[in-house]
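K.L.:
Okay, handing you the structure first.
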Amino acid sequence: MKAIIAALAAGCICGGVLAAFAAEQTVTQKGKAFSQTAMTIKKGDTLVFQNDDDVVHNVMSSVPGSEFNLGAQQPGSKVSQAFSKSGEISVICAIHPRMKLTLTVVD
Amino acid sequence: MFDAQNCRRLTHRAAASHGLCLAAVAGAAVAIATVVTNGFAAPADRPLVVAVASVPDPTIMSLKEKYRRPAAIPFPKDNPYTATKVDLGKKLFFDTRLSAANVLSCASCHNPAYSWGDGQPRGIGHGMKPLGRRSPSIVNAAYGEIFMWDGRAASLEEQALGPIKTDVEMNLPIDQLIERLKGIPEYGPLFQAAFPREGIAPGAIAKAIATYERTVVSGRAPFDAWINGDEKAISDSAKNGFALFNTKARCTACHSGWNFTDDSFHDIGLRDEDIGRGKFLPDVPKMQHAFKTPGLREVARRGPYMHDGSVPTLKAVVDLYDQGGVDRPSRSEDIKPLKLTDQEKMDLVSFLNTLTSDMGPTTIPILPR
């Protein structure tokens, strides 16, 4: 029992340490464009996508192994995505594919 | 009015309609309307010759700049241009042995004789059975951001193998395609020259076809000559149509830039059960019945029109947009009744016709045996 408690405590501490190192960055969407066309983040970091346009966007990636789809995002709203796998990820708006962000996730 | 160098004429009809657009459009389009309406307030149905001061108009010049052709064809970093790839890709593109029945090639649906479409309302696939949508032209595919009517292919390379292996299209599994090409002796050296490390492989086939497709670019049309300063290259009706295209008719909400597309997805209100992009984005209401905006280069020879080939002529296309299509939640906010006059519709068609060039004949390659 003590061992389980110790393991849980260690897990919490480790999780807290990892969380302390995980960063959060914001990418805005305005004028049917991402605020950055390329950026580098660390594995475990989170990107917040803010829709400053007056149209709906839909942030997604179809890169094998790193697929995600944040769905319909209304003007003025925020959505976020954590990246747990290193590599280069091409992020687009599924409605306006000229919106492109090349994301490099490093260890 | 669009001839800043020489005195040209503009009808009162167009001038009046442009004036109506002042509150509805932004940027350069507003600038056009402002210029056009200077001093014109005559009855809307009577043509008038308008003398224009021979002063270059910066607003018209800046608007024209938005439509200027790019200087070069873009090729991706991971599949750069080489002449050997184009040579191989062209042979593969025209080779009917890329289909199970040996009767369909890429060129069957993307035929240069039909401005790289097939001239049919719907494509024809394996067993001569009709497909669900019209075959899109591949003209200017090099400049595309996403491919297929519903955007299900992220690149030309990804798209290239799709029709070959799809059972209702060319119906040839890729492993069988590889074996078939390996059995054609003259293909070996072509693959070796273009892809010395890959040889006859799926990726090499896709890259070669994609590279060839990127070389299929629309020719210089009368519109381009006008953009470059030849005021006699297009008619006054077409110039009026260009103004309408940018203002009252709201066409540039989607058909923007030199290739006349925003590469985005819109429901234009066609009465059709096909949900298009909505299949991949089911939670996005505006993507139901939405299809990718096609470019308009060579458009006069690309009919019938729309993803379902349901609209036979450019005149009918303009009529459709004038009516505004089916009113439903997914319909684009940019689609609404336009109240165009008959003359304005004719002017729009005149303008659209200036986007078609003389692309000239395409040579059919001698295929490997």
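K.L.:
Which residue pairs have Cβ atoms closer than 9 Å, lie 6 or more positions apart in sequence or on different chains, and pair a first residue in region B:64-75 that is touching a residue at least 24 places away in the same chain (Cβ under 8 Å) with a second residue that is basic (Lys, Arg) and surrounded by 13 or more Cβ atoms within 10 Å (Cβ to Cβ)?
P.N.:
Sorted first by the residue in region B:64-75, then by its partner, the pairs are B:69/B:220; B:73/B:214; B:74/B:214; B:75/B:214.
K.L.:
Please report, ordered by residue number, the strands (runs of 3 or more DSSP E) entirely within region A:29-105 with at least 1 residues that are at the interface with chain B (Cβ under 10 Å from one of its Cβ atoms), without any contact (Cβ under 8 Å) to a residue 60 or more places away in the chain and surrounded by fewer than 16 Cβ atoms within 10 Å (Cβ to Cβ). Show your work before the answer.
P.N.:
Values: elements: A:38-42, A:46-51, A:59-61, A:78-82, A:87-93.
Result: A:87-93.
K.L.:
Additional query: If you check B:269, B:241, which single one turns out to be away from chain A (no Cβ under 14 Å), modelled with pLDDT of 95 or more and buried (at least 24 other Cβ atoms within 10 Å of the Cβ)?
P.N.:
Numbers: B:269 fails: buried (at least 24 other Cβ atoms within 10 Å of the Cβ).
Answer to the check: B:241.
K.L.:
Residue B:317 is checked against (1) surrounded by fewer than 19 Cβ atoms within 10 Å (Cβ to Cβ); (2) of a type in the set (A, V, I, L, M); (3) not in a loop (DSSP other than H, G, I, E, B) and fails just one. What number does that condition carry?
P.N.:
(1)
K.L.:
Among the residues of region B:208-228, which ones are within 16 Å of residue B:351 (Cβ to Cβ) and aromatic (Phe, Trp, Tyr)?
P.N.:
Correct list: B:223, B:226.
K.L.:
Looking at (1) crowded, with 19+ Cβ neighbours inside 10 Å; (2) in contact (Cβ under 8 Å) with a residue 60 or more places away in the chain, which is the only condition residue B:360 fails?
P.N.:
That leaves (1) as the condition not met.
K.L.:
Would you confirm whether any residue within region B:322-331 is within 14 Å of chain A (Cβ to nearest Cβ) and either outside any strand (DSSP E or B) or touching a Ser or Thr at 6+ places or on another chain (Cβ under 7 Å) (or both)?
P.N.:
yes
The values are calculated or read from the model by the stated rules, or taken from the named source; none is laboratory data. Not measured: the values here are computed from a predicted model. Because the Cβ atoms are built from the backbone with ideal geometry, glycine has one as well, and the counts that use them run over all protein chains shown.
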